[in-house]
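Notes follow once the structure below has been shown.
The values are calculated or read from the model by the stated rules, or taken from the named source; none is laboratory data. Bear in mind the structure is a predicted one, so any value in this text is a computation, not a measurement. As a convention, Cβ positions derive from the backbone with ideal geometry for all residues, glycine included, and neighbour counts pool all protein chains shown. These accessible areas exclude ligands, DNA and RNA; they are computed on the full protein's heavy atoms, side chains included. Shrake-Rupley method; radii C 1.70, N 1.55, O 1.52, S 1.80 Å.
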Amino acid sequence: MNFALRIYRRLAQAFPHEFKLAYGDEVMQLGEDVVREIAKRHGAAGLIRLIVDIAIRLPIEYLSEMRQDMRYATRSLIKSPGFALVGIASMGLGIGLSTNVYGSKWVLLTRALPAAANAQRLVMPEKPVSYYYVEQYREQRSTFTGVTAFQNGVPFNVSMQEHWGAKPERVFGQLVSSEYFSVLGVEPQSGRLLSPELDKPGDAPVVVISDRFWRSRLNSSPKAVGQTIRLNGQTATIVGITPSNFDGALSMNPSQLFVPTTVPATLAPELANDVLHQRNAKEFLALMCLAPGVTIDAAEASLDGITRRLDEQDPSAPRQADKAKRVVLIPAGTRVAIPRNLRPVIAAFFVVLMGLIMTIACMNLATMLLARGANRSKELAIRLGVGASRFRLIRQMISEGILLSLLGGAAGFALAYGLSVLNAQVPQSPGSPVAPDLALDWSAAVFAFAVAIVCGIGFSLAPAFQATRTDVAPALKEGSSLQLPGYRRFGLRNLAVVAQVTGSLMLLLTTGFLVIGISRGNSIDTKFDPKMMVLLSIDPVRQGYTPEKAQALFEQLPERLRTSGTVHSFALAAQPPFASDDENIQLTTEDSSRVQESVARETVGADYFAALNEPILSGREFDARDQRRQPAESGGVALPVVLNESAARGFFRNSNPIGRRVRDDKQSYEVVGVVRDLKDGTGISQRIVYVPLTRRDFVQPPAGGIIIVVRSADGPDSLSGTRSVIASIDPNLTLFDVQTLSQYLELGRSVMRSALRTYGGIGLFGLVLSAIGLAGVTAYAVAQRRREIGIRMALGARKGQVLRLVLREGTALIAVGTVLGFVGAFAMARIFSAMTNEFADAFKIGTNDRRLLVGVPFLLAALAVLACYVPARTAAKIDPLKALREG
């Protein structure tokens, strides 16, 4: 009983101060009597019920008091609408920008694939592998519960049953092995999904459609399962529909169709040339589900040993050093598969970005509450004098901070939602994969609410403790002019000013580096008007052409265009000019130097550089003879390649590259020409090797089809002439992605502008936040020194002297913050540049921009001085008699 009594007393003492003032003695005395009585009548069970009852009552009483605190805080903020609006705007900007970064960037690193039960255990190799290797990996049942192979971003020309005669639509999907959905752990919404038992080679073609495809193209028909559609001119039966929001693995490129690898090559040209049985045809991505208890490192070591053995058994595989790593696994359970070494770098960048934003916003909140507390010192002293506890006043002030932060959180979520809607309006290229759904969801709302609560409590504590650390008698005498400790030296106010300037300058410079670097790097200069070039794509193989018929088409097309008289120059290519999604390959020189470089590969046709008006610096470019080559039948004959200047220097330094040879794991290449470096669509110049279009490309086109590049003085008007030429060969041939080069480049820039809007908006709003905060800090200082300023003016100080007094300290603190901000921004740029190339190019360009380095600190300093000037001017207008009378 004595133990239960001690617990009861402790709980009773923990009740709110107001409750104890009203009922404290009665509860304590009555409780002790009740404890003894219950112990006699009901024993230990009764005592436990009593303790549980009072323990439940304790938080209820606190919630009741908090409700009263919130009501009082609401009335208090309504009486100070200016203070409330500034606080809500400040926190709204900070939480809104942070929520936008969280919803559009952070979730890509953390959000699991929708509807995938095995998302946490999914891994995949960084590089594509052959289907043969995937089959060998599948045998490792102690390491993986399942292994599948797939190709992403595969285009299909789709015709619906009710529109057989209409031209097909181009829809992107995935080519997958039958284990695909079981490895992911996905269940069907309707019908069935693919399985090795039901889908075998030689069976009638089937397809699984996504929920997005079912709703947009089949109008959510309940009879969709069992319906027949045409894919690339071949019929296939819909056997199932995936769950809502499931867009496949690597869902940043959403897939609407899932076609099994058991279909014939006439339906999926990617399966031509018996690709499933070629050991060196590294055309597939592998996806594995780890067995319970198996780590990524253990799985990586196991696969590395298997791959090493398979490479040794394959005479065509390149010989590597024994210590060379063959397989690197990356987590694949999120929307974007990011290498493990890169993931913490990107995560750290976003954490720092959100941290800087919220630090500025929270410092604003803290300094505003400090200023408000200083002005309310007399009120707080009176309340302490009449019996209010310090804890009660602290709780009340924290309630105001929480309420401001919560209202700011609501405004911030609305801002983030508006920004996400604007980002969704970025135009897409016709025929490109649909954009992923990255709309803000409940997790973003929870994030905004959590940030509001944490910041509201965390950054209200110091102002609340500072404001209530008051001696009643001096406070009643001095009133709101009470000076808090440390304001002249490195106290809270000075720390707040330095933190505001440092954080603001770091945020402005960091985002400025990215904006300048991305915008400058994204500029592409052509030696002709890009409006005068038209791009259009054809894909006869996926429209039902046989390989022989497709090859004949592409052999006729150049001559027909040349004799049409409507074009100035033309060329064929596997990708649009200045494309930014080139494939990277490893090439090694065949001479004694054995230099190995990773280069981007672009596949282009005859006279490609002439069409772009780019002169060959040395050697020659591709001609019609190169375009008629067939690598699969060339034996030891080397294919011609053209290098850009960076690749030529990388392989051969300053020696003449013409006639020299390089090779990959399949083919030898002879350098026949060198061209200048051309930027890609993102503005990056990289090492590029240009290989010629061959007959194999014509019978097995890339995902984007074969691009026809046409330049004419008539510009877009030349399109009708090109259409006529193609129609004269086959009037039923579908043209897609028809646009001028100017439109294509503009679409590429629009994607980059999304990043510019994000980082530029963050920098701009950070500037506004810093102005609000600095004005609040200076207002707080003026409130603290009101009596001192009154005495100075009563003793003869002029308004100009008072103005300089206030500004002098503010300017010194701004200078300190500027220096620290400079150091911090450059440190961040160097750290992130050293960790990954993703930021290196942008930071390199941005940190060398003198206008940015001078303009941003000058702009921030000017704004900071202005923010200090307004309260200083108010201080200069203080009436000395009134200020002294307030004491």
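One chain, two ends: SER668 and ASP274. Fully extended at 0.36 nm per residue, the span grows by 139.6 nm beyond their Cα-Cα distance.
Within the accessible area of region 535-602, what % is carbon and sulfur when the probe is 1.4 Å and the other protein chains stay in place? Show your work: numbers first, answer last.
Details: 1320 of 2980 Å².
Here carbon and sulfur together make up 45 percent of the probe-accessible area.
Full extension of the chain between LEU495 and TYR72 yields a length gain of 149.2 nm, computed as 0.36 nm times the residue separation minus the alpha carbon distance.
Once you sort the root eigenvalues of the Cα gyration tensor of region 640-717 as a ≥ b ≥ c, which label holds: rounded (a/c under 1.5), prolate (a/b larger than b/c) or oblate (the other case)? Each step should come with its number before you reach the end.
Numbers: a/c = 2.09, a/b = 1.37, b/c = 1.53.
Verdict is oblate for region 640-717.
Shape class of region 151-277 from the Cα gyration tensor (axes a ≥ b ≥ c, square roots of the eigenvalues): rounded, since a/c falls below 1.5. How big, in percent, is the set of alpha carbon pairs in region 49-120 lying more than 19 Å apart? Cα-Cα pairs of region 49-120 separated by over 19 Å account for 68 percent. Segment LYS127..ARG676, full-extension length gain: 194.7 nm, with 0.36 nm per residue of separation and the alpha-carbon distance subtracted. Remark: region 155-240 carries 43 Å² of accessible area per residue (probe radius 1.4 Å; ligands, DNA and RNA excluded). Between ASP714 and ALA298, the simple spin-label model (points 7 angstrom out along Cα→Cβ) gives 6.8 nm.
Estimate the FRET efficiency between ARG340 and PHE858 by the formula 1/(1 + (r/R0)^6), using the beta-carbon distance for r and 60 Å for R0, to the nearest 0.05.
Values: r = 42 Å, r/R0 = 0.70.
Efficiency at R0 = 60 Å is approximately 0.90.
Above 19 angstrom, tally the Cα pairs of region 213-287 and express them as a % of all pairs, no decimals. Walk me through the numbers on the way to the answer.
Details: 1322 of 2775 pairs.
Of all Cα-Cα distances in region 213-287, 48 percent exceed 19 Å.
Each label was represented as a point 7 Å from its Cα along the Cα-to-Cβ direction; for ARG723 and VAL819 these points are 6.8 nm apart. Computing FRET efficiency as 1/(1 + (r/R0)^6) for GLU590 and ALA812, where r is the C-beta to C-beta distance and R0 is 45 Å, gives about 0.10. Of the cross-linked pairs LYS105/LYS282; LYS200/LYS549; LYS282/LYS531; LYS200/LYS666; LYS105/LYS844, those separated by over 27 Å at the C-alpha level are LYS105/LYS282; LYS200/LYS549; LYS282/LYS531; LYS200/LYS666.
Here the dipole of region 188-282 is about 200 debye; that uses its Cα centre as origin and unit charges on the Cβ of Lys and Arg (positive) and Asp and Glu (negative). The coefficient of translational diffusion for region 89-200, derived via Stokes-Einstein from the alpha carbon Kirkwood radius under 20 °C and 1.002 mPa s, stands at 120 µm²/s.
With kT/(6 pi eta Rh) evaluated at 20 °C and eta = 1.002 mPa s, and Rh the Kirkwood radius from Cα pairs, region 100-148 diffuses with a coefficient of 162 µm²/s according to Stokes-Einstein.
Between ALA414 and LYS527, the modelled labels are 5.6 nm apart [label points 7 Å from Cα along Cα→Cβ]. Given a 1.4 Å probe and every protein chain left where it sits, what share in percent of the accessible area of region 144-267 is carbon and sulfur? Here it works out to 49 percent. Ligands, DNA and RNA are left out, and with a 1.4 angstrom probe the accessible area of region 251-312 is 36 Å² per residue.
FRET efficiency for the ARG390 to LEU85 pair, using the beta carbon distance and R₀ = 25 Å, is estimated at 0.25.
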